[in-house]
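Here is the structure we will look at.
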Amino acid sequence: MIERLKNILSHGDYTIVVGNPAVERIFTSRERGVKALVHLIDNDPELLRGATIADKVVGRAAASLMLRSGVSRLHSRVITSAAVDMLRSAGIAVDFDTETDMIANRARTGRCPLDTLCAPLSDPAEMEAAIRRFYKDLESRREH
């Protein structure tokens with residue numbers, strides 16, 4: 001399954017592809033950040049339980065959500081060492097193209113804000129709560 005998901009990721013210009021043979025579905029998204037994972041956790045958690053994921057970029061923020069939702073395997077084009085350690089220590093199979101120390105923000109002027117937010121945290125539940133607050137605050141600012 002992982003090769004099929006990697007192929008879809010590459011040829012569909014997606015940011016994430018989630019597959020789960022137990023529910024016989026594949027989910028794709030072009031959303032940046034971890035929004036697609038949050039969406040699936042809220043709206044389709046059974047797809048994530050035992051799922052295989054192909055993702056473009058994974059840091060600790062995304063890793064914490066994958067951990068919390070029961071993902072079983074991940075391929076990432078780019079992943080932080082901290083995310084690899086977090087996932088592998090939880091028994092999640094991880095392979096990748098490039099391992100890095102940090103994920104850059106979109107402007108490439110510093111570190112990804114979600115990974116910065118999650119850096120001092122060790123509990124994936126705390127990380128998920130912080131990620132949700134971040135998106136809620138961001139949405140609140142856009143409304144004003």
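Given the conditions (1) over 15 Å from Ala62 (Cβ atoms); (2) of a type outside the set (Phe, Trp, Tyr); (3) open to solvent by 70 Å² or more (accessible area, probe 1.4 Å), which single one is not true for Gly110?
Gly110 satisfies every listed condition except (3).
Among the residues of the stretch 41-74, what is the count of those that are assigned to a strand (DSSP E or B) and closer than 20 Å to Leu114 by Cα?
7
Please indicate, with yes or no, whether at least one residue in the stretch 112-122 is modelled with pLDDT of 95 or more and of a type in the set (D, E, K, R).
no
Quick one: is Met66 closer than 23 Å to Pro120 by Cα, out of contact with any strand residue (DSSP E or B) (no Cβ under 8 Å at 6 or more places or on another chain) and open to solvent by less than 30 Å² (accessible area, probe 1.4 Å)?
So Met66 does not fit the description; no.
Does the stretch 2-13 contain at least one residue that is of a type in the set (S, T, N, Q) and either within 20 Å of Ala119 (Cβ to Cβ) or modelled with pLDDT under 95 (or both)?
So far as the stretch 2-13 goes, yes, one or more of its residues are of a type in the set (S, T, N, Q) and either within 20 Å of Ala119 (Cβ to Cβ) or modelled with pLDDT under 95 (or both).
Tell me which residues, restricted to the stretch 87-107, are among the small types (Gly, Ala, Ser) and either part of a helix (DSSP H, G or I) or touching a helix residue (DSSP H, G or I) at 6+ places or on another chain (Cβ under 7 Å) (or both).
Ser89, Ala90
Can we say Val84 is at negative phi, touching a strand residue (DSSP E or B) at 6+ places or on another chain (Cβ under 7 Å) and not in a helix (DSSP H, G or I)?
So Val84 fails the test.
Can you run down the residue pairs with Cβ atoms below 9 Å, 6 or more apart or on separate chains, where the first is in the stretch 8-20 and open to solvent by less than 30 Å² (accessible area, probe 1.4 Å) and in a strand (DSSP E or B) and the partner is modelled with pLDDT under 95 and of a type in the set (Lys, Arg)?
Hits for this filter: Val18/Arg25; Gly19/Arg25.
Tell me whether the stretch 20-35 contains one or more residues that are closer than 15 Å to Ile92 by Cβ and polar (S, T, N, Q).
yes
Checking Ile79 against (1) free of Cβ contacts under 8 Å to residues at least 40 places away in the same chain; (2) in contact with a helix residue (DSSP H, G or I) (Cβ under 7 Å, 6 or more places away or on another chain); (3) not in a helix (DSSP H, G or I); (4) not hydroxyl-bearing (Ser, Thr, Tyr), only one condition comes out false. Which one?
Result: Ile79 fails condition (2) only.
Yes/no matrix, rows are residues, columns are (1) within 19 Å of Ile26 (Cα to Cα); (2) open to solvent by 30 Å² or more (accessible area, probe 1.4 Å); (3) without any contact (Cβ under 8 Å) to a residue 60 or more places away in the chain:
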site	(1), (2), (3)
Glu46	yes, yes, yes
Asp55	yes, no, yes
Leu74	yes, no, yes
Ser89	no, yes, yes
Arg106	no, yes, no
Glu139	no, yes, yes
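Among (1) free of Cβ contacts under 8 Å to residues at least 24 places away in the same chain; (2) surrounded by fewer than 16 Cβ atoms within 10 Å (Cβ to Cβ), there is one condition Arg132 misses while meeting the rest; what is its number?
Unmet for Arg132, out of (1) free of Cβ contacts under 8 Å to residues at least 24 places away in the same chain; (2) surrounded by fewer than 16 Cβ atoms within 10 Å (Cβ to Cβ): (1).
The values are calculated or read from the model by the stated rules, or taken from the named source; none is laboratory data. Keep in mind it's a predicted model, so treat the numbers as computed, not measured. Neighbour counts run over all protein chains shown; Cβ positions are idealised from the backbone, glycine included. Note: accessible area is taken over every heavy atom of the protein model, side chains too, but ligands, DNA and RNA are not part of it. Shrake-Rupley method; radii C 1.70, N 1.55, O 1.52, S 1.80 Å.
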